[in-house]
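Read the structure below first, then the notes.
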Amino acid sequence: MNTEQFIDRLARERGGPAPHARPGHPGSRADRVRALLAVEELFVGLATDIAADHGSPTVAALLGMITERAHRRIGFTQILAADAARSTLAHELPARTLNHLRGIISDPAGFLSGAEALPEDPYTVPSGRPQHKDTPEFLQKVLGINLFEARDRIQAADALLPHTDVNGIPEPARYPGIAGALGKAATITEREQMEALPDGSAFIDSADDIGTVHLGKVWYPETAPITLERAAGRFLPARVLHRGSA
C-alpha cells in the first residue's frame, strides 16, 4: 500500500474521500494531515509493542536501526515544515487557531475520526499585531524549540530548498543537488556521533556552513581546518549530507 492508497483508505473509512486538495493527490488537506497523524500513532504503537517483546535480539537490533533512521529522516522534514510555515505566513495565525491546533495535537481522536474539522485558514490579512513577529519566533514558541534551532532551520531551508525572498523574487537553492539526498540525511545532535564521522563525510553545520571530513579534521572552503572534536563542540546540531566509508 502506497501513501496515496493509505490516505484514500482512511478517508473512505470515514465515509468517503473529500474533494482533492491538488490534482493527482487523493483527499483534502485535512485527509492528508489525518493520515500523517495516524501514521505517527501507528509507528509509536508498533515500536512500543516490539520493544516490549524481549524474545529476539535480532528484532531488537532492527528496531533500533529503524527508529534511528526515522529520527534522522525526520530532521529533513523539520526543514520542510519551517519553509512551509514561512511561505504561508503561519506566524500571522490568530491565537484561537493555534489553540485549536494544539487541542488536535494533544487529543487527536476526534480529528482522526472526522468528527472534528481543521480550523479554517484566515480569509483576509490579519489586522493588529500578529501573534509572532516572524517565522523563527513562531517556530520557537509554537514548537517549543530554542531560537537558535529555529533560525538554523530557516537558514537550512534557504541553503537547500528553492524559496522566495522577502521581495517575492524566486531564489534557487544555494547548494543545488544536495537537497535530493536530504531525505536520508542524518541529524547529528550528540558530540559522539559527530566525532565518529569517517573520512569522506560531508555535513552542513548549525552555522549553515558545509564541511568535509579528512584525516580527522573538518575542512571548510574559506577557513583553516579544525578538529572534529572542536566542530562538535561548536556547531551542533548538524546534518550529514554524505557519510564516508573510510
Rounded, prolate or oblate (a/c below 1.5 giving rounded, otherwise prolate when a/b exceeds b/c) for the stretch 39-158 by Cα gyration tensor = oblate
By per-residue mean of other Cβ atoms within 10 Å, what is the highest-first order of 62-71, 91-100?
-> 91-100, 62-71
DSSP-assigned coil residues among chymotrypsin sites (Phe, Trp or Tyr not before Pro) in the stretch 72-129, each with at most 15 further Cβ atoms within 10 Å | 123
What ³J(HN,Hα) values, in whole Hz, does the Karplus curve 6.51 cos²θ - 1.76 cosθ + 1.60 give for the stretch 62-71 when θ = phi - 60°, with x put for Gly and Pro?
-> 5, 4, x, 5, 5, 5, 5, 5, 4, 4
What are the residues whose amide H is under 5 Å from the amide H of residue 116, where those residues sit 5 or more places off or on another chain and H is modelled from the backbone?
-> 111
Karplus-derived 3J(HN,Hα) from phi for the stretch 138-153 (6.51 cos²θ - 1.76 cosθ + 1.60, θ = phi - 60°), whole Hz, x at Gly and Pro, runs 4, 4, 4, 7, 7, 8, x, 10, 7, 5, 5, 5, 4, 4, 5, 5
Phi angles of the stretch 85-92, converted by Karplus (6.51 cos²θ - 1.76 cosθ + 1.60, θ = phi - 60°) into ³J(HN,Hα) in whole Hz with x for Gly and Pro, give 4, 5, 5, 9, 6, 4, 5, 8
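The numbers here are math on the coordinates, done by the rules we state, and not lab data. Keep in mind it's a predicted model, so treat the numbers as computed, not measured. In this analysis, Cβ positions are derived from the backbone assuming ideal geometry, glycine residues included, and neighbour counts consider all displayed protein chains.
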